[in-house]
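Structure record follows, encoded as structure tokens.
The values are calculated or read from the model by the stated rules, or taken from the named source; none is laboratory data. All values reported here derive from a predicted model rather than from experimental measurement. Here the Cβ positions follow ideal geometry from the backbone for every residue, glycine too, while neighbour counts run over all protein chains shown.
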């Protein structure tokens, strides 16, 4: 009898956790960040090899709206990013992806299927590394700060006007998660002070991946115009300054992708 009761409690706990995960996920969009790493010996740096690869990626992505050819009301979107730099803490990482695809959907299953189909299509040339995350309501943000964000945050520009894209995964240390909510919120005063200096010029989107993907706690995505490249560098420098922003003492950076938004997979794969 006791065993049956224990089993029932376990099943209820599993069901509750799954339901909570689903409820949390539908608050926003799921994002899949797909890194295309060339396989050893694969030829991808000449036009003859790139053309069929680009066509395969285009076919797999045909059900998604693209940044450069948006479809009204379409929530499944895909973005192709040509990687120009791949670095960790300012140092180049030798194993550099040939491109990065950011796909979004309100349905995680759509992204799972997309990644699976894409992996099969390019398996002879690329090893895929995919990171999943989901948008949700902002933490550590009071009503006044939220209003200030809404009043000052820029609208997203087109791929022509804001061609630069940065994908920045990061995690927080165990010491951060051990802090109380109040202490974490206080640490964000410096973070917000730095961010508000540049918020009007740089588009930012934050995805949460803690408990979703073990590789990182957050995926941070930025877009900006060529003329604002210096502002983005100043933003990142300010966030990393632990005097201005003590919160960064608890940050573990992951490799950052700097790239260019492109209209097609062919442009993404150009060296």
Subject >> Restricting the stretch 33-50 to residues that are outside any strand (DSSP E or B) and at pLDDT 90 or above, the residue that is nearest to residue 98 (Cα to Cα) >> reply: 39
Original post:
Only one of (1) modelled with pLDDT of 90 or more; (2) within 24 Å of residue 213 (Cα to Cα) fails for residue 139. Which number is that?
Top reply: (1)
Original post:
In the stretch 58-97, what residues are surrounded by 19 or more Cβ atoms within 10 Å (Cβ to Cβ), under 19 Å from the mean Cα position of the chain (by Cα) and not in a loop (DSSP other than H, G, I, E, B)?
Top reply: 66, 78, 79, 80, 81, 82, 83, 86
**OP:** Run residue 146 past the list (1) over 26 Å from residue 83 (Cβ atoms); (2) out of contact with any helix residue (DSSP H, G or I) (no Cβ under 8 Å at 6 or more places or on another chain); (3) modelled with pLDDT of 80 or more and report the number of the one that doesn't hold.
**Re:** (3)
Subject >> Enumeration of residues in the stretch 172-185 that are touching a residue at least 24 places away in the same chain (Cβ under 8 Å), part of a helix (DSSP H, G or I) and touching a helix residue (DSSP H, G or I) at 6+ places or on another chain (Cβ under 9 Å) >> reply: 175, 176, 184
Original post:
Can you tell me which residues in the stretch 186-210 are touching a residue at least 60 places away in the same chain (Cβ under 8 Å) and over 19 Å from residue 240 (Cα atoms)?
Top reply: 207, 208, 209
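Residue by residue, here is whether (1) in a strand (DSSP E or B); (2) surrounded by 15 or more Cβ atoms within 10 Å (Cβ to Cβ) holds:
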residue	(1), (2)
207	yes, yes
211	no, no
219	yes, yes
223	yes, yes
249	no, no
252	yes, no
259	yes, yes
266	no, yes
Subject >> Qualifying positions in the stretch 225-244 - assigned to a loop (DSSP other than H, G, I, E, B) and either out of contact with any strand residue (DSSP E or B) (no Cβ under 9 Å at 6 or more places or on another chain) or not assigned by TED's automatic domain parsing to the domain that holds residue 169 (or both) >> reply: 241, 242, 243, 244
